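To keep things clear, I will list the structure first and then write my remarks on it.
The values are calculated or read from the model by the stated rules, or taken from the named source; none is laboratory data. Being a predicted model, the structure only gives us computed values, none of them experimental. Note that each Cβ is placed from the backbone with ideal geometry, even for glycine, and that neighbours are counted across all protein chains shown.
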Amino acid sequence: MRSVVELLHGDRISLRELAADDFDAVVEYSVDEAVARYQDWQSHTAEAAKDFLDRAIAAAQQSPRRAYGFAVVERATSLVIGDAWVGIDSVPNRRAEIGYTLRRDRWNRGLGTEAARLLLAFGFDELAMHRIEATTRPENVASTRVLEKIGMSYEGRLRDHLLVDGAWRDWLVYSILEQEWRARSDA
Ligand SMILES: CC(C)(COP(=O)(O)OP(=O)(O)OC[C@H]1O[C@@H](n2cnc3c(N)ncnc32)[C@H](O)[C@@H]1OP(=O)(O)O)[C@@H](O)C(=O)NCCC(=O)NCCS
């Protein structure tokens, strides 16, 4: 597995490894109630954002590496406008999971889709994964739409999968296989 990741370039965003200096940017959008609404985080505080950043930075020191936490950098402004990550669930089964978050004022411009596509390219081309999964709350229309746009298939609904703020929540599972992604990429 890769120990250091160079920039992953899209048209309007780049992904680079998260660093301690990203704390202010990450905390700013993490505590936004609209951004946090459908996440499975237990709290949406500065402490939770610090914990997320610490875990991302620690993951980069692991060998073999099992997770990659990226800052989503807007190329036009060089601002950190979100984060994106890949977690390797199983090395022998070449199975990973992806996730993404953008600050609210950058939504609905196709940037979430661009970030997710970069994650798939990284997962299949660089990490040699066979299957990449993503999960989301049913109410998270923007996220389910991103997963559809990048070619992921809906696989099912895990009922009462999460207890969030005292209420049981369902969880949707999506995936894409390497051959499906390559067929789309070559089209
Ligand atoms: C999920 C997220 C990253 C999507 O980012 P984004 O840049 O807005 O995504 P895109 O612009 O690429 O695509 C969003 C799609 O959802 C659609 N959409 C958004 N809100 C919608 C709504 N309320 N009803 C119907 N469609 C909606 C948009 O129209 C767009 O689809 P289209 O291209 O077919 O028009 C962003 O909403 C976010 O950061 N949310 C908070 C964090 C989060 O929930 N992360 C996912 C955890 S599973």
Going by what's in this entry, would Y100 be described as outside any helix (DSSP H, G or I), of a type outside the set (V, I, T) and in contact (Cβ under 8 Å) with a residue 60 or more places away in the chain?
no
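Specify the residue that is surrounded by the fewest Cβ atoms within 10 Å (Cβ to Cβ); the eligible residues are those in segment 105-117 that are more than 6 Å from the ligand (Cβ to nearest atom) and closer than 23 Å to V27 by Cα. If you could, list the steps in order and put the result at the bottom.
Taking segment 105-117 as the starting set, the residues that turn out to be more than 6 Å from the ligand (Cβ to nearest atom) are 105-106, 114-117.
After this cut, where a residue has to be closer than 23 Å to V27 by Cα as well, the list is 105-106, 114-116.
Numbers: D105: 9, R106: 17, E114: 21, A115: 28, A116: 23.
Result: D105.
Can you pull out the residues in segment 65-97 that are without any contact (Cβ under 8 Å) to a residue 24 or more places away in the chain and among the hydrophobic types (A, V, I, L, M, F, W, C)?
In the first step, residues of segment 65-97 are kept if they are without any contact (Cβ under 8 Å) to a residue 24 or more places away in the chain; the result is 67, 77-78, 87, 90, 92.
Answer for segment 65-97, where residues must be without any contact (Cβ under 8 Å) to a residue 24 or more places away in the chain and among the hydrophobic types (A, V, I, L, M, F, W, C): just A67.
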Residue pairs within 8 Å by beta carbon, gap of at least six or interchain, first lying in segment 138-161 and in contact (Cβ under 8 Å) with a residue 40 or more places away in the chain, second assigned to a helix (DSSP H, G or I) and within 13 Å of the ligand (Cβ to nearest atom), listed first then second, are S143/G112; V146/G112; V146/T113; V146/A116
Residue check, F52 within 15 Å of the chain's Cα centre (by Cα), modelled with pLDDT of 90 or more and of a type outside the set (S, T, N, Q)
yes
Kindly establish whether A121 is modelled with pLDDT of 95 or more, surrounded by fewer than 18 Cβ atoms within 10 Å (Cβ to Cβ), within 15 Å of the chain's Cα centre (by Cα) and within 11 Å of the ligand (Cβ to nearest atom).
no
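When you go through L147, L102 one by one, which is the residue that is of a type in the set (A, V, I, L, M), farther than 20 Å from S30 by Cα and within 13 Å of the ligand (Cβ to nearest atom)? Walk me through how you get there before you give the answer.
Numbers: L102 fails: farther than 20 Å from S30 by Cα.
Going through L147, L102 in turn, just one is of a type in the set (A, V, I, L, M), farther than 20 Å from S30 by Cα and within 13 Å of the ligand (Cβ to nearest atom): L147.
Return the residues of segment 127-141 that are more than 22 Å from V27 (Cβ to Cβ) and either near the ligand (Cβ under 10 Å from one of its atoms) or modelled with pLDDT under 95 (or both); say none if nothing qualifies.
Answer for segment 127-141, where residues must be more than 22 Å from V27 (Cβ to Cβ) and either near the ligand (Cβ under 10 Å from one of its atoms) or modelled with pLDDT under 95 (or both): A134, T135, T136, R137, E139, V141.
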Examine segment 44-64 for a residue that is outside any helix (DSSP H, G or I) and free of Cβ contacts under 8 Å to residues at least 12 places away in the same chain, and state whether such a residue exists.
yes
Is segment 76-84 home to any residue that is closer than 22 Å to S185 by Cα and within 11 Å of the ligand (Cβ to nearest atom)?
yes
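Please go through segment 65-89 and pick out each residue that is surrounded by 14 or more Cβ atoms within 10 Å (Cβ to Cβ) and part of a loop (DSSP other than H, G, I, E, B). Quick ask: steps written out before the conclusion?
First, pick out the residues of segment 65-89 that are surrounded by 14 or more Cβ atoms within 10 Å (Cβ to Cβ): 65-74, 79-89.
If the condition is that a residue be surrounded by 14 or more Cβ atoms within 10 Å (Cβ to Cβ) and part of a loop (DSSP other than H, G, I, E, B), then R65, R66, L79 are the ones that fit.
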